[in-house]
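Let me begin by presenting the structure, written as structure tokens, before commenting on it.
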Amino acid sequence: MLPYRRFTVSTPLQPEQATVRLHRAVRDGNDIGGWVQLESFRITPGRRAHGALSRLNPYHPVARGRIEPDRDAGVRVDVRLGARPLRIGIAVATACALAALLASDARTMVVAGVVVLALHCALWRYGFLPLAAHTESTLRGLLGVAASSPLTPNGSARQPPRAAHA
């Protein structure tokens, strides 16, 4: 339940083309902030789309990636999505400090710890995962790659339905 996700995008673009597309998106202010260099980037999509509260959300994903030439053709972009650890640490420390101030005995402290853990789970589920999916979709769109095919419960790619023959 760590706010972390990893994926790879393969695209027929050349490394310079992929870098230019990402740089243009950041430069033009298309709801994306961060920086892009020739072989790496750090961007945060969706800041305006999700309102002012996204700036306060310690679980708002940050995409860090490397752009590498692929052996076959084009480039491979390895992306790590993660939350800002310092913000999460500050939020947890604040919650623990408040719990310690309010706790009168060990039992209350355990209950406060459970509440902090439940809050972390809720923020991970509703604050990180949906924004991580949005970030992945945004990056795939910028690199000109369709979203990955839906997966079946066993992890294999779902086959499209066959047309009926008359």
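Considering Val92, Val75, Val110, Val114, which residue is of a type in the set (A, V, I, L, M, F, W, C) and in contact (Cβ under 8 Å) with a residue 40 or more places away in the chain? It would help to see each step written out before you state the result.
Numbers: Val92 fails: in contact (Cβ under 8 Å) with a residue 40 or more places away in the chain; Val110 fails: in contact (Cβ under 8 Å) with a residue 40 or more places away in the chain; Val114 fails: in contact (Cβ under 8 Å) with a residue 40 or more places away in the chain.
Checking each option against the conditions leaves just Val75.
I'd like to verify a number: residues in the stretch 16-38 that are of a type outside the set (Asp, Glu) and in a helix (DSSP H, G or I), how many? First the steps, then the outcome.
Keep residues of the stretch 16-38 that are of a type outside the set (Asp, Glu), which gives 17-27, 29-30, 32-38.
Subsequent filtering for residues that are in a helix (DSSP H, G or I) retains 17-27.
Summing the residues that are of a type outside the set (Asp, Glu) and in a helix (DSSP H, G or I) in the stretch 16-38 gives 11.
In the stretch 1-15, what residues are out of contact with any Leu (no Cβ under 8 Å at 6 or more places or on another chain), outside any strand (DSSP E or B) and modelled with pLDDT of 85 or more?
Of everything in the stretch 1-15, those that are out of contact with any Leu (no Cβ under 8 Å at 6 or more places or on another chain), outside any strand (DSSP E or B) and modelled with pLDDT of 85 or more turn out to be Pro12, Gln14.
Is it fair to say Val62 is modelled with pLDDT of 75 or more, of a type in the set (A, V, I, L, M, F, W, C), under 20 Å from Arg125 (Cβ atoms) and touching a Gly at 6+ places or on another chain (Cβ under 7 Å)?
yes
Might you check whether a residue that is at pLDDT 90 or above and under 17 Å from Gly144 (Cβ atoms) occurs anywhere in the stretch 27-35?
no
Do we find that Val79 is at pLDDT 80 or above, surrounded by 15 or more Cβ atoms within 10 Å (Cβ to Cβ) and touching a Gly at 6+ places or on another chain (Cβ under 6 Å) in this structure?
Yes, satisfied.
Being surrounded by 11 or more Cβ atoms within 10 Å (Cβ to Cβ), over 14 Å from the mean Cα position of the chain (by Cα) and assigned to a loop (DSSP other than H, G, I, E, B) is the filter; apply it to the stretch 39-59 and report the residue that is modelled with the lowest pLDDT.
Applying the filter and picking the extreme gives Ala49.
Criterion first (out of contact with any strand residue (DSSP E or B) (no Cβ under 7 Å at 6 or more places or on another chain) and of a type in the set (Val, Ile, Thr)) does Val20 satisfy it? Steps first, please.
Working: out of contact with any strand residue (DSSP E or B) (no Cβ under 7 Å at 6 or more places or on another chain): yes; of a type in the set (Val, Ile, Thr): yes.
The answer is yes for Val20.
The values are calculated or read from the model by the stated rules, or taken from the named source; none is laboratory data. Please read all numbers here as calculations on a predicted model, not as lab measurements. With ideal geometry, Cβ positions are generated from the backbone for all residues, glycine too; neighbour counts draw on all protein chains shown.
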